[in-house]
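Working notes for the structure below.
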Amino acid sequence: MKVVIVDYGMGNVRSVASALKFLNVDSIISSEEKDLNKADKLILPGVGAFGSAMEMVKARGLDVALCEQVIQRKKPVLGICLGMQLLGVSSDEGGGTEGLGFVDGCVGIFNDEYVIIPHIGFNQVTPKSSSRLYRGMGHSLDFYFVHSHKMDSNSDIGQSYCDYNGNFVASFERDNIAGTQFHPELSKTNGLDVLKNFLELF
Amino acid sequence: MLRKRIIFTLIYEDGFFNQSRNFRLQKVGNIRWLEMNYHFQDIAFSLDEIVVLNASKGDKNLKDFASMLNRLVDNVFIPIAAGGGINSVADAEVLFENGADKIVLNSALYEKPNMVRDIVRHYGKQSVVGSVDYINQDVFIKNGVQKIDIPLDSYIKNLESMNVGEIYLNSIEQDGTGFGYDIDTIQRISSIIKMPLIVAGGAGNEKHLLEAISLENVDAVATANLFNFIGDGLPNARKYLIEKHCNLVQSV
């Protein structure tokens, strides 16, 4: 199996590569279309601001390339943190930016009247019972989150929730498209198990 | 419920990790020493986060620091925050590329507020940790050497308005003493800000960790004490805190 970690110049791709190596999976870090073409699976990581990230994605032609691989060719993709948010429709971060639009989810900021922003640290996810991402794992699982914006969706996108003064989408999984708001590569054994499930079950 | 965190801080200077006492550094060993004495890949599972600070003097050698970082993060599946001597957005990028999940800024918070804003804008506030070294109401930058003209409380309020994501509050007086955290200052600061607070300086044993982590608005306790927590020290401290019903991740 060949995994491409899609690099668009935002954030730490090193830990994702290290986690895949630990799971004995070959991966390369690239934004080249020819590499994406040969990949069996894609991982879209990301740390940072939604607007800057979409600019970088578009500047490298990755919006078009990802659409071809993920929507037309149905290649499995896992978005992580900001990478997950980019797979949604839009974000209100910085005045409003359109995302890749692969799943029906919108991104907004947490309400700082009730909680401390950013949401940083380990928090529990309650896996949806039919989930592939958490197959074989428990009912309340700790993962590492570090974010100020969250995704909500009115559609069934196979979402599992985390509670931070109200539920937000901790992960989604629909056909070949999956995303986690948390960082599986920074979430100890639970995180490695989720990555393994994505690699084996998608 | 959002968990609290135990953080291990490594202080790096010119190729060596150091034990710091009141900000005077004593070389302990290089990365091979660290790997041998701490079995880093194993104990990382009993930590929640690692902070690595470059305390090299003069023009801090970012390249060497980054390559050490790159080696350190291998098979360590928890977040790493790195910093020390970051002078540009490009410097921050080098650390991100070599395995940092967050960036720690200290002197730049005072000297280069525009650069701080640029890093926050590009990487998001959650990627920026503001590190503050203090004695009483005095704030010090440049590895604790240069005193600045803003008192601690207003300096930290100002960091909040600069959109820094977290505060790493380090007592120079308690640093490396093993006498326990500066609880009074921690309590005062935690009541005036609304952002995640990491406290450092003084932890000598697990009771000190317990005392600070039990404070309502403290999100994380850090220790940089290479001697007091050597070997199984950190896994054992975690076990103790969980037995005392601290809100920590219980599985590894």
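Okay, here's what the table says:
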| read-out | value |
| --- | --- |
| Residue match in the stretch B:153-160 (condition: closer than 19 Å to B:ARG21 by Cα and either crowded, with 19+ Cβ neighbours inside 10 Å or free of Cβ contacts under 8 Å to residues at least 24 places away in the same chain (or both)) | no |
| Any hit, the stretch A:41-48, residues being among the small types (Gly, Ala, Ser), within 11 Å of chain B (Cβ to nearest Cβ) and touching a strand residue (DSSP E or B) at 6+ places or on another chain (Cβ under 9 Å) | yes |
| A:GLY101 within 11 Å of chain B (Cβ to nearest Cβ), free of Cβ contacts under 8 Å to residues at least 60 places away in the same chain and either assigned to a loop (DSSP other than H, G, I, E, B) or farther than 20 Å from A:ARG174 by Cβ (or both) | no |
| Residue selected from the stretch B:11-46 under the condition modelled with pLDDT of 90 or more and crowded, with 22+ Cβ neighbours inside 10 Å, by the criterion farthest from the other protein chains (Cβ to nearest Cβ) | B:SER20 |
| Selected residue (criterion: surrounded by the fewest Cβ atoms within 10 Å (Cβ to Cβ)) from residues of the stretch A:1-32 that are free of Cβ contacts under 8 Å to residues at least 12 places away in the same chain and assigned to a helix (DSSP H, G or I) | A:LYS21 |
| Scope the stretch A:126-153; condition surrounded by fewer than 20 Cβ atoms within 10 Å (Cβ to Cβ), in contact with a Gly (Cβ under 9 Å, 6 or more places away or on another chain) and farther than 19 Å from A:LEU201 by Cα; matching residues | A:SER148, A:ASP152, A:SER153 |
| Qualifying residue in the stretch A:141-150 (condition: on the phi > 0 side of the Ramachandran plot, within 14 Å of another protein chain (Cβ to nearest Cβ) and modelled with pLDDT under 95) | no |
| Residues (within 30 Å of B:ILE242 (Cβ to Cβ) and part of a loop (DSSP other than H, G, I, E, B)) located in the stretch B:45-65 | B:LEU47, B:ASP48 |
| So B:ASP133, is it among the acidic types (Asp, Glu) and in a loop (DSSP other than H, G, I, E, B) | no |
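The values are calculated or read from the model by the stated rules, or taken from the named source; none is laboratory data. Here the structure is a predicted model, which means the values were calculated and not measured. We place every Cβ from the backbone using ideal geometry, glycine too, and count neighbours over all the protein chains shown.
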